[in-house]
Amino acid sequence: MVLESLVTTVAGAVLATAGVLVGGVVTRRAQDQQWLRDQQLAAYQALFAHYAKFTMELRRAHGDGRSWDYDWGEWSAALMRVSLVAPLGVATEIDNFGRAIDAFLDQVERGERTPLRNPLSPAEFEEARREPAAAQVKLVNAIRRSLSDDHSGLPFSIGG
């Protein structure tokens, strides 16, 4: 009888300890996943904020026929932050997005058509922005898929 009570007590203590340890591991994993998700959201938000900022500044410069300036170091820093936390599928779309932006800048800033030399009309600017806008939609949808079960995606661009 005493042995039976002792075995039951020891077994209960071992199971309770194991439950606490497993609970701690599961909680830690959930906290790590939440932290990573928060970091991803912040990095994605910063990336899109910089994109919207320089796109709007460049649009205004073309409209006003004036020079413009942007801190490209901040853009590079946003890309670096995102590269630290983005899963491979999102990172691939970020790379495609960056390439589309680079081609866009070739059309509206680095070539013959600059805000000071031969500025683009609003329609021409929107035409030049078509490829980055399409890449933005793909990137947003890759982000949405990576963060949730939203596999339908957006068929259009918002902002930018």
(request) Please enumerate the residues belonging to segment 29-59 that are among the charged types (D, E, K, R), without any contact (Cβ under 8 Å) to a residue 24 or more places away in the chain and surrounded by 13 or more Cβ atoms within 10 Å (Cβ to Cβ). (result) Lys53, Glu57
(request) Please identify the pairs in which a residue from segment 60-71 that is farther than 13 Å from Ser121 by Cβ and without any contact (Cβ under 8 Å) to a residue 24 or more places away in the chain has its Cβ atom under 7 Å from the Cβ atom of a residue that is of a type outside the set (Val, Ile, Thr) and surrounded by 11 or more Cβ atoms within 10 Å (Cβ to Cβ), counting only partners at least 6 apart or on another chain. (result) Tyr70/Phe54; Tyr70/Glu57
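Per-residue answers, yes or no, for (1) buried (at least 17 other Cβ atoms within 10 Å of the Cβ); (2) over 11 Å from the mean Cα position of the chain (by Cα); (3) closer than 20 Å to Gln39 by Cα:
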{"residue": "Val82", "(1), (2), (3)": "yes, no, yes"}
{"residue": "Ala86", "(1), (2), (3)": "yes, no, yes"}
{"residue": "Ile101", "(1), (2), (3)": "yes, yes, no"}
{"residue": "Arg110", "(1), (2), (3)": "no, yes, no"}
{"residue": "Leu116", "(1), (2), (3)": "no, yes, no"}
{"residue": "Ala128", "(1), (2), (3)": "yes, yes, no"}
{"residue": "Val140", "(1), (2), (3)": "yes, no, yes"}
{"residue": "Ser146", "(1), (2), (3)": "yes, no, yes"}
(message) When the residues of segment 16-75 are narrowed to those that are small (Gly, Ala, Ser) and modelled with pLDDT under 90, which ends up nearest to Ala100 (Cα to Cα)?
(response) Ala30
(message) Looking at Ala123, Ala142 in this structure, which one is over 17 Å from Tyr70 (Cβ atoms) and in contact with a helix residue (DSSP H, G or I) (Cβ under 8 Å, 6 or more places away or on another chain)?
(response) Ala142
(request) Among the candidates Arg59, Arg117, single out the residue that is outside any helix (DSSP H, G or I) and either in contact with a Phe, Trp or Tyr (Cβ under 7 Å, 6 or more places away or on another chain) or farther than 20 Å from Ala46 by Cα (or both). (result) Arg117
(message) Here is a list: Ala123, Ala78, Ala134. Which entry is loosely packed, with under 12 Cβ neighbours inside 10 Å, in a helix (DSSP H, G or I), free of Cβ contacts under 8 Å to residues at least 40 places away in the same chain and out of contact with any Lys or Arg (no Cβ under 9 Å at 6 or more places or on another chain)?
(response) Ala123
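The values are calculated or read from the model by the stated rules, or taken from the named source; none is laboratory data. Just so we're clear, the structure is a prediction, and the values are computed from it rather than from any experiment. For neighbour counting, all protein chains shown are included, and Cβ atoms are generated from backbone atoms with ideal geometry for every residue, glycine included.
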